[in-house]
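Here is the structure we will look at, set down as structure tokens.
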Amino acid sequence: MSEPRLLLSFFFALLFFVCGGWLELASADQSRLRLLDEIRFAIDRYTKLKDGAKELAIIIGEAQNREPIFQYGNLNKPLKPASTLKVLTSYATLKKRGAASTLKTFIEHNRQEDTLILRGEPDPTFTSERVFMLARQIAARGIKQVKKIVLDLSNLSGYVAKPSGGRAYQGAIGNFALNYGAVKIDLCPEPSTNRVLIGIEPRETFLQIVGKIDLVKTAKFAYEVGQIEETNPWRLKVSGSLGQNSSCFEVYRSAPNPAKLFCDFFSTRLVAEGVALVGSKCLIGNYPDLTGTSVLLSYSKPLAEIVRDMNIYSSNFIADMLVLGVGDDGQRRNFNFQEGLNQIKQFALANTAFPEDALLLVDGSGLSHDNGIYPLLLFETLKRVAVDPDLGVEFLSSLPRSAESGTLKSRKFKKAGGAFRGKTGRINGVSALAGIVKGNNRDLFLLILQNGVNNEAVAHKFEETIVDRLVGID
């Protein structure tokens, strides 16, 4: 082929490549414009509904672009974030300690006084199974007799150690809280005896069930479980009725004193492992001067797994325990809740132009209505932690998948099954969603904050509509 014809062929090939790429980009841009118009239409319809939220903020953006590709509402006004605030708690925890870090609990034995002393970092992972293993390990150290068990809390401060209510999400925070500060109550209708069997876990405690639940022919559920008696917090009241064809199920309620529950269970497990309890007493409080010989160092699961449990199940208890952990004195010896909130605020505002009042923190869970955050600050924090080369993978894997896991499992997505990872949030009058939508060629970050919600079902349907529209975007 002659040189002029070769050059001409090359020119047409280049022209085809450039024009084809331009047409592809133009088509993608047109598709995106149509999509954003659809979202504007959905917002317009929603805001005109009688049951629509009174305040609404929506932000959509890409990792590679600093500016959002879509935004709606006042993004620089504090809104209540509910549990989407856990994005900030996740970020500060992983950034400060590292995903592979663990929390340590030190166990000492004073042989002269036959006393076990437990103290350590704020650790939310004392499940029944872990306490079972602690008792076995202590017995294996040759300890034969215990007169006192001391839970030293002197290195923790600035937190409320009482439940704010009877529901599991209202449980008290504090170290040595058994099973995330909650108890499980099993309800099992037994038609042959015309009664409802009621059990409590863990069984090795002094908690008592008071009252009964009647078995009736109707299928209606009308029961109350776990109302703590004011005169005796160790008595949990039950009442009401269940249909006789109901299946067995379980409910969770906040423990009246999680550390006492831990001590009760720990004591029974020690006995089961052959350790004699001689007039055993459990002391819970500030005992910094009590010391003994170190017999065991117990480690929590890695922080990445703890953050995952927090986000998948939206655990308020874990969130506020992590706040305590962030608020250390720099040597991991003393921990203060308010200092933890200050640290989280510093992480969120660092290297940004947001003012101090862009973030109002009362807790790390989002449960309080006194929390407030600029939507744009929450959105930028979401992007920052998700693209962090050291933390992004752990954070993203901690988020529930749409219609598949955690708090997103029961949500009614039409197209987004598994294509959206996000953190939900809801308290009275508030619904929120923050996460990452999987597109064909790129992922999109999404934040929806709704305050003044009158109808939660309508608010959820609107969020699901927005997510479904974004799935598969080019």
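The values are calculated or read from the model by the stated rules, or taken from the named source; none is laboratory data. Here the structure is a predicted model, which is why all the values come from computation and not from measurement. Cβ sites come from the backbone with ideal geometry, for glycine too, and all protein chains shown count toward neighbours.
Data table
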quantity: First in segment 450-474 and in contact (Cβ under 8 Å) with a residue 60 or more places away in the chain, second anywhere and polar (S, T, N, Q) and surrounded by fewer than 19 Cβ atoms within 10 Å (Cβ to Cβ), Cβ under 6 Å, 6 or more apart; calculated: D474/S31; D474/N440; D474/N441
quantity: Tally of residues being buried (at least 16 other Cβ atoms within 10 Å of the Cβ), modelled with pLDDT under 75 and not aliphatic (A, V, I, L, M) across segment 205-235; calculated: 3
quantity: Test: L88 is assigned to a strand (DSSP E or B) and within 29 Å of the chain's Cα centre (by Cα); calculated: no
quantity: Qualifying residue in segment 407-429 (condition: buried (at least 16 other Cβ atoms within 10 Å of the Cβ), in a helix (DSSP H, G or I) and touching a strand residue (DSSP E or B) at 6+ places or on another chain (Cβ under 9 Å)); calculated: yes
quantity: Which listed residue, of F70, F132, F41, is touching a residue at least 60 places away in the same chain (Cβ under 8 Å) and among the aromatic types (F, W, Y); calculated: F132
quantity: Residue list for segment 157-173, restricted to those being buried (at least 22 other Cβ atoms within 10 Å of the Cβ) and either touching a strand residue (DSSP E or B) at 6+ places or on another chain (Cβ under 7 Å) or part of a strand (DSSP E or B) (or both); calculated: P163, A168, G171
quantity: Members of segment 439-463 that are at pLDDT below 95 and closer than 18 Å to L36 by Cβ; calculated: G439, N440, N441, R442, D443, L444
quantity: Options S154, S239, S247, S192: the member that is over 20 Å from L322 (Cβ atoms), of a type in the set (S, T, N, Q), in a strand (DSSP E or B) and at pLDDT 75 or above; calculated: S239
quantity: Candidate set: segment 329-376, residues that are over 17 Å from the mean Cα position of the chain (by Cα) and among the small types (G, A, S); chosen: the one nearest to T105 (Cα to Cα); calculated: G330
quantity: I200 assigned to a strand (DSSP E or B), in contact with an Asp or Glu (Cβ under 8 Å, 6 or more places away or on another chain), buried (at least 18 other Cβ atoms within 10 Å of the Cβ) and of a type in the set (A, V, I, L, M, F, W, C); calculated: no
